[in-house]
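Since the structure comes first, as structure tokens, the remarks are kept for the end.
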Amino acid sequence: MTVTGIITAIIIGAIIGFLGRLVAPGKQDIPIWLTVVVGIVAAFIGTWIAGLFGVADTRGIDWLEIVMQVVVAAIGVIVVAGIYGRRAIRR
């Protein structure tokens, strides 16, 4: 993976993470860096799921793939916010 690939993954992950955070219900008290990490992981998982359904490589913009990535990011944000919130309360 090149430096450009890493930077692109971070930018796309940040966008997917923030979109997932917008879609997720309630308030999420997690730091921005954790949102980006969730977004990067969600982008990979969403692409994998889209590949399973055969919609990862289509002509034009892969809207179904993006939707899958955002849904995975929203689920990830909810899970991470729950874990991170419980961890912060115990301190």
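If you take the residues of the stretch 28-80 that are in contact with a Phe, Trp or Tyr (Cβ under 9 Å, 6 or more places away or on another chain) and among the small types (Gly, Ala, Ser), which of them is modelled with the lowest pLDDT? Filtering first and then ranking leaves ALA56.
Against the criterion of being among the β-branched types (Val, Ile, Thr) and out of contact with any Asp or Glu (no Cβ under 7 Å at 6 or more places or on another chain), VAL67 qualifies. Here VAL79, VAL38, VAL23 are screened, and the one residue that is among the aliphatic types (A, V, I, L, M), within 18 Å of ILE10 (Cα to Cα) and open to solvent by less than 100 Å² (accessible area, probe 1.4 Å) is VAL38.
The values are calculated or read from the model by the stated rules, or taken from the named source; none is laboratory data. From a predicted model like this one, the values you see are computed outputs, not experimental measurements. Because the Cβ atoms are built from the backbone with ideal geometry, glycine has one as well, and the counts that use them run over all protein chains shown. Side chains included, ligands, DNA and RNA excluded: accessible areas come from the protein's heavy atoms. Shrake-Rupley method; radii C 1.70, N 1.55, O 1.52, S 1.80 Å.
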